Every structure is written in structure tokens, then in C-alpha cells.
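Visitor: This is the structure I have questions about; it appears just below.
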Amino acid sequence: MDKNRPLSLALLYPGDRAARDRSDPAESRFASLFDAFAAAGVATEPAVYHDDFADEVAAQLRSVDGVLVWSNPIESGHRRERLDAMLRTLAQGGVFVSTHPDTILRLGTKDVLVDTRDLPFGSDTVRIDSLDQLVAELPLRLVRGPRVLKQHRGHSGIGVWRVEQIQGSPWLNVRHAQRGSEEERIDLDTLRQRLASYFEPPHGGHMIDQAWQPRLVEGMVRAYLVEDRVAGFGHQAVNALYPGEPGQAAPPPGPRIYHPAHWPPFQRLKALLEAGWVELLRRRVGLQRDQLPILWDCDFLLGDHGADRAERYVLCEINVSSVSPFPPSAIQPLVTATRARLQSRRI
């Protein structure tokens, strides 16, 4: 390898044949990122991906030092199996891949909520391995309050269900977090039928049951991280499972407002993450520091206040597969971290 040639990087994101033929950075959602890498002396190119031309993309990526990947667990009806297999092969051949598929499986599925339930940001969370277990155990937990059932791996609220027992009744109030869904009143057997597909092997074969956090009405905070440092925040006041007023439909989700890492209201959360929580999380899921994603984010809800009245943050999910959009404040840390990874691997 010529160590004097410029570092090279591909940004992989989904698209069709026409988008790949154009491969125009300016028309992608990462135009500002392409510009930032160019300013840092990194030769960066689009790698528009679809299963239909996966071999062509693989050949392209074998010629670069690294690839940053943005692809949801399901894109246009296609799961990531073929893409993940390709990325593993590239990584074995020496190409830097972020986020590596094995890291996603440890960090970016709902299983992380069970793995970390006893940590400071954890909550009452249970793994459900079968429909029979769901039917046997869920009613007992609903006595204590509403629950949120989450499929093993998803995005955009797909496969996330809020379930609440109607007091003194066999009926349940159920609402899917997918955009446009409305609350329904159904019984347990109907819920079992609705959730059956999530227990099939292609969808992970299990679900995660997490206690509902009533303070969701105060909003959700998303902390964006570059490796183990906070690079910005997003705050969404009205989100997917926000409840409606009695007799009214729930309001549609509102915009996520982005803030830099030094935004004053979130400095305690930043300190908690950087001074210990990321390290606790990394060790719990079995990742080395250099296996952390270049860019990832953690969604937090507000939990019950502790005895000292300090704000308590409860982990809702971790996003790793396709973190976009992200705050402008994350761009320069992302470029710096990526360049350092590429340079160290070349040395």
C-alpha cells in the first residue's frame, strides 16, 4: 500500500440504480460531510447501495481505506443480511467499517435495554422469548402500569407498542409507535396475533418489555456521540407515543431540535455519559473502545427523580445503523475521529 497517497473513504447509503449511476454527493443528505472530509484531506466518495448491485459496491469498497455506513435494519422492504455479510468480509480484508455489523448486534438492538437494566440509566425491562411467555407474564406486569413492547431490531417506531390494561376490564389500550398509528382497544388474544411475527426468527425471535415512563410528556433527549464523546444533542418535545388528551387523538410527533454539545440544559447528561456511562455500557456489552461506532446516539426519557431530586435519565434505545440527521456540531468531531482511525490503521 502506498502510505503517501491520500486517505480514502466511502460513505455508504441506500439508493437505486439511477442514484448510483449519478453518485452525486451534492444530492445526498451528507453533502456537508463530504465537504468537511475534503477540507480535512480525505478523499471521499459515495457508495450508493442496493442488494441488486451489492457485488459492484463491494468491488468499489475494496479500494478504499474505510467506509462509514448508513442503512436501517430494513430499507425499502429489504433486511441488511447481504449488506452485513459484505461489510464483515471487507473488514476481514482490512477495510475500516463503521459501524461494524457485530457492533450493531451488541449495541444497536433493543437487547441492550435488558443487558443494562441494572445500570444507572437502566429500567424495569424483561426479555420475552415466546408468545406463550407473553400471554402468561404480561398481564401480571400490566397490573403495575403500562408497558412498552419492542421488537428486537427496528427503526422509526416500527415494532414498538404501548400496552395498558383498562382497569376492571379484559380490554387493553394498545398503540403502535409507527407514524400515523392510532390507539386501539383490543383483548390479549388479539394482541398476541398482532405481535406474532416479531417472534419469528427473521425478526429476532423475541421482544423486549420495558416499563412505561410517564414523564415522556416532558420530551425525549437524544445524545449524539462520536466514539465515547458527546458531539451534540437533539430534543423532541412530542414524540411517537405521546398520549392524547382524553377523548382526543394523540398529537403528531414534533420536530427534533438540535443543539451543540455545550448546550447548558444537558450538561449533566453529557458529564454522566463521558465520565462513566459510556464506559459502563461498553464493558457490559463486551466492546473494546476501538469497536465503538464513529457516530451513534442514545435516546433518553426522564425517569422518576431520585432522593436528591436530581434529574434521572432512562435509556429508551440506542441508534447505530443509520444515524441521520445529526447536529452540525457532530460533523467536525466525526471527521477528526474517522481520519485518526484511518491513519492509525494505515500506520
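Visitor: Taking the stretch 1-21 as the search range and keeping residues that are in a helix (DSSP H, G or I) and touching a residue at least 12 places away in the same chain (Cβ under 8 Å), which one is farthest from Arg339 (Cα to Cα)?
Guide: Arg17
Visitor: Same structure again: Can you confirm whether Ser344 is hydroxyl-bearing (Ser, Thr, Tyr), free of Cβ contacts under 8 Å to residues at least 24 places away in the same chain and at negative phi?
Guide: yes
Visitor: Scan the strands (runs of 3 or more DSSP E) fully inside the stretch 136-215 and keep the ones with 1 or more residues being surrounded by 16 or more Cβ atoms within 10 Å (Cβ to Cβ) and within 17 Å of the chain's Cα centre (by Cα).
Guide: So the answer is 147-151, 160-165, 207-211.
Visitor: Give the stretch 214-234 a look and list any residue that's closer than 17 Å to Tyr258 by Cα, among the charged types (D, E, K, R) and modelled with pLDDT of 95 or more, or say none.
Guide: If the condition is that a residue be closer than 17 Å to Tyr258 by Cα, among the charged types (D, E, K, R) and modelled with pLDDT of 95 or more, then Arg222, Arg229 are the ones that fit.
Visitor: Can you tell which of Asp308, Asp297 is under 27 Å from Pro101 (Cα atoms) and of a type in the set (Asp, Glu)?
Guide: Asp297
Visitor: Let me spell it out: the conditions are (1) free of Cβ contacts under 8 Å to residues at least 12 places away in the same chain; (2) part of a strand (DSSP E or B), and Val230 meets all of them except one. Which number is the exception?
Guide: Condition not satisfied by Val230: (1).
Visitor: Moving to a separate point now. Would you kindly identify the helices (runs of 4 or more DSSP H) lying entirely within the stretch 23-133 that contain at least 1 residues that are in contact (Cβ under 8 Å) with a residue 40 or more places away in the chain, in contact with a helix residue (DSSP H, G or I) (Cβ under 8 Å, 6 or more places away or on another chain) and open to solvent by 30 Å² or more (accessible area, probe 1.4 Å)?
Guide: Filter on the stretch 23-133 gives 31-39, 101-107, 111-115.
Visitor: Now for a different question. Give the stretch 216-227 a look and list any residue that's at negative phi, touching a residue at least 60 places away in the same chain (Cβ under 8 Å) and surrounded by fewer than 20 Cβ atoms within 10 Å (Cβ to Cβ), or say none.
Guide: Glu218
The values are calculated or read from the model by the stated rules, or taken from the named source; none is laboratory data. This is a predicted model, so every value here is computed, not measured. No Cβ is skipped: glycine too gets one built from the backbone with ideal geometry, and neighbour counts run over all protein chains shown. Note: areas computed on protein heavy atoms with side chains; ligands, DNA, RNA excluded. Shrake-Rupley method; radii C 1.70, N 1.55, O 1.52, S 1.80 Å.
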